[in-house]
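For reference, the structure is listed below as structure tokens.
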Amino acid sequence: MNREDFPMLSNDIIYFDNGATTLKPKCVVDKMNQYYFNHTSNIHRGDYDAAIQTNILYDNVRNIIADFVHADADCCIYTSGATMSLNMVVFGYMKKHLKAGDVVLLNKAEHASNILPWIRLQEEIGIDIQYVPLNDDYSLTLDNIKKCVTDRTKVISLAHVTNVIGDVRDVQSIGKFCHENHILFNVDGAQSVPHMMVDFKESYMDFLSFSGHKMCGPTGIGVLIGRKELLEEMDPLFYGGGMNSFFEEDSSYELKDIPVRFEAGTPPIAEVIGLGEAIRYLTNIGMENIHQHEIELKKYLLKRLDEIPNIIIYNKDSKSGILAFNLDNVFAQDSSVYLNHYHIAVRAGNHCAKMLKDEIHIKNTVRVSMYFYNDFSDIDRLIDALRNSEDVFKIVL
Amino acid sequence: MDDNLRREIILDNYQEPFHKGLIDDNSYCKVNTNSESCIDNLDFIMKISNGIIEDIRFDGEACAISTSASSILIRKLIGMRIDDAKDLLKNYKNMINEKDYDEDVLGELNVYNEISKQPNRKNCALLPNVAIEKLLGEMENGK
């Protein structure tokens, strides 16, 4: 779908590293260039035409984000990416509201950015981190979560879609359960918001984090969405210009309202505008169309992989465009170097999910992560390359 | 170097690496290379007696280049005086980083003399170098 919108795809590349970052459509880069070439200016300070134009575009992106994930615009905070968003939740809100012994439920398929901040908070204030067991197919179910919940459970923090297994968690049921049991529900949407409909309100999310660059937008911009009453109680991690109402010699000061309270300093203006354009672009394609296309791609990929004898697949059942595998007796990095020879871009490693090894009993995998601009012919090229993989060392050495 | 010979040497050392597998002996010093790369994860142990490298062993998960380079480098280093070992490591590092080096001292390590054509693999080739330099540094500081 829409391959012609992506200049990089004209370079004879099969791009299967969308879990890491996605390609950028021309319209997004054009929109950012328009800002740089035609109306560069800072926000909220100028009375000249360029600044007014920038303000309108910049401010409107909050509405675009809010419509996209069904949230309130004044609860959408611009961040540098999902990592920053998750850190803001942990150190801006949780640090202030949790106490020693409070249980935070995580699981071992999570990305580093949804584990390390919590480990740090454990060091700082003594929260109790517990890991919900995964099923045999490495998925996470509400039943398993329920078995871990006690009176001490205060937070459930998870990825909507995990970045290696690609399983789609039932956030609606989990969110409802959290809501009914007064447990805070923190969702890492980095791998879901770009690929499917996500509904912040209907899923009873308390916080939702995602990154622009994984959804056709620029790097350096992400979003944190929170429930209004929680954001009102959250501390900013950064202080400076743009976020204060006043400060005086006697050290009195007042901060602005949410969301700008959390956006000290000059924000990534071009990136915000680029993200707005990316969301507009994705919305025109349709998130349901994107999700269905990825599921069809994965079905076709699995069917074709039946032809490859020496392959181990770790996540056949997950309903997303992510597939993790290894070639028998070939280290993941050697496989990815081999595929690069055929201009096929995949990712090898632990994909920042360093605890997943405890579950799948292998540290490193090759990950194919697909997006709407991938098609069956991309998969055919991958299969052709893998079929020749007896020659892998002839190519990589 | 002939490509087939190069491939054969690397593959031999990858598939049957020299001194792979650690031993539990507290006269050895140990380092891990996990922080050097996101994917290769090798442990190295080394024993020095009277200024001579008596033994080095390694273990872990890594690609063909890291594993084979560890194997070849260890085989060369065992029995060397520390100063000579440092000289070898310096020449090896220079070769990988496309600087001046003495190919005569490197022997089989010359199989990596074109690795700089694949910049993403330079770190793989340098992984054992970094580990052993670290071990030498730690042992010297410990003296």
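The values are calculated or read from the model by the stated rules, or taken from the named source; none is laboratory data. Computed from a prediction, not measured in an experiment: that's the story for all the values here. Note that each Cβ is placed from the backbone with ideal geometry, even for glycine, and that neighbours are counted across all protein chains shown. These area figures cover heavy atoms from the full protein model, side chains too; ligands, DNA and RNA do not enter into them. Shrake-Rupley method; radii C 1.70, N 1.55, O 1.52, S 1.80 Å.
So, taking all protein chains as they sit and a 1.4 Å probe, how much accessible area belongs to A:TYR253, in Å² rounded to tens?
130
Straight-line reach only, C-alpha to C-alpha below 25 angstrom: list the lysines that A:LYS95 could link to, leaving out same-chain residues fewer than 8 apart.
Result set, ordered by chain and number: A:LYS108, A:LYS146, A:LYS154, A:LYS176, A:LYS201, A:LYS228, A:LYS256, A:LYS354.
In vacuo Debye scattering of the protein assembly as shown, one point per C-alpha: log10 I(q)/I(0) at q = 0.06, 0.07 Å⁻¹?
One equal scatterer on each Cα of the protein assembly as shown leads to -0.36, -0.49.
Among A:ILE165, A:ILE115, A:ILE285, whose mean-square fluctuation peaks in a Gaussian network model of chain A (Cα, cutoff 10 Å)?
Evaluated over chain A, the most mobile residue of the options is A:ILE285.
Out of residues 5 or more away from A:ILE322 or on other chains, whose amide H comes under 5 Å of its own, with H placed 1.01 Å from N in the peptide plane?
Result for A:ILE322 returns A:MET370.
Show which lysines lie in cross-link reach of B:LYS117 when reach means a straight Cα distance below 18 angstrom and same-chain residues fewer than eight apart are skipped.
Straight-line reach from B:LYS117, under 18 Å: A:LYS394, B:LYS93, B:LYS99.
Tell me the GluC sites (Glu not before Pro) within the stretch A:277-361 that lie in a loop according to DSSP and have at most 13 other beta-carbon atoms within 10 Å.
When the GluC sites (Glu not before Pro) of the stretch A:277-361 are filtered for loop state and at most 13 Cβ neighbours within 10 Å, A:GLU307 remain.
Ratio of Rg to Rh for the stretch A:1-49, alpha carbon only, Kirkwood?
Value, to two decimals: 1.17.
Of A:SER320, B:TYR28, B:PRO17, which is farthest on the positive side of the dipole of the protein assembly as shown, counting Cα position, with +1 on Lys and Arg Cβ, -1 on Asp and Glu Cβ, and the Cα centre as origin?
A:SER320
I'm a student and want to see the number: the projected area of the Cα convex hull of the stretch A:23-81, averaged over all directions, in nm².
Value for the stretch A:23-81: 5.0 nm².
I'd like the distance separating the alpha-carbon centroids of the stretch A:262-317 and the stretch B:3-20, in whole Å.
First find each Cα centre; the distance between them is then 39 Å.
Where both residues lie in chain A, what percent of DSSP beta bridges are antiparallel, nearest 5?
So the antiparallel bridges in chain A amount to around 55 percent.
Of all the C-alpha pairs in the stretch B:39-143, what % are more than 22 Å from each other?
Everything past 22 Å amounts to 26 percent.
For A:ASP137, what charge total do you get from the other residues with a beta carbon under 12 Å from its beta carbon, if Lys and Arg give +1 and Asp and Glu give -1?
Surrounding charge for A:ASP137 is -2.
Grab the eigenvalues of the alpha-carbon gyration tensor for the stretch A:26-284, scale each by 5, take roots, and send me the semi-axes largest first in whole angstrom.
Working from the Cα gyration tensor, I get semi-axes of 33, 23, 14 Å.
Below 12 angstrom from the Cβ of A:ILE52, what's the summed charge of the other residues (Lys, Arg +1; Asp, Glu -1)?
-2
Under a GNM of chain A (C-alpha, springs under 10 Å), which listed residue has the highest mean-square fluctuation: A:ASP137, A:ASP375, A:ASP151?
Top of the fluctuation ranking is A:ASP151.
With a ≥ b ≥ c taken as the square roots of the eigenvalues of the C-alpha gyration tensor of the stretch A:287-389, please select rounded if a/c is under 1.5 and otherwise prolate if a/b is larger than b/c or oblate if it is not?
Oblate is the answer for the stretch A:287-389, as a/c is 1.5 or above yet b/c matches or exceeds a/b.
Net charge around A:GLY126, counting only other residues with Cβ within less than 15 Å of its Cβ (Lys, Arg = +1; Asp, Glu = -1)?
+2
Amide H of A:ILE127: which non-local residues (sequence gap of 5 or more, or other chain) have their own amide H closer than 5 Å, using H built in the peptide plane?
The list, which skips near neighbours in sequence, is A:GLY101, A:GLN122.
Excluding ligands and nucleic acids, what accessible area in Å² is computed for A:ARG261 using a 1.4 Å probe, to the nearest 10?
30
At 0.36 nm per residue, minus the direct Cα-Cα distance, what do A:GLN172 and A:GLU233 gain on full extension? Give it in nm, one decimal, please.
Between A:GLN172 and A:GLU233, full extension yields 19.5 nm more.
So which residue, out of A:TYR93, A:TYR338, A:TYR48, gets the largest mean-square fluctuation from a GNM of chain A using Cα contacts under 10 Å as springs?
Most flexible of the set in this elastic network: A:TYR48.
For a quick check of understanding: with a 1.4 angstrom probe and all protein chains in place, what accessible area in square angstrom does A:MET355 have, to the nearest ten?
Rounded to the nearest 10, the figure is 50 Å².
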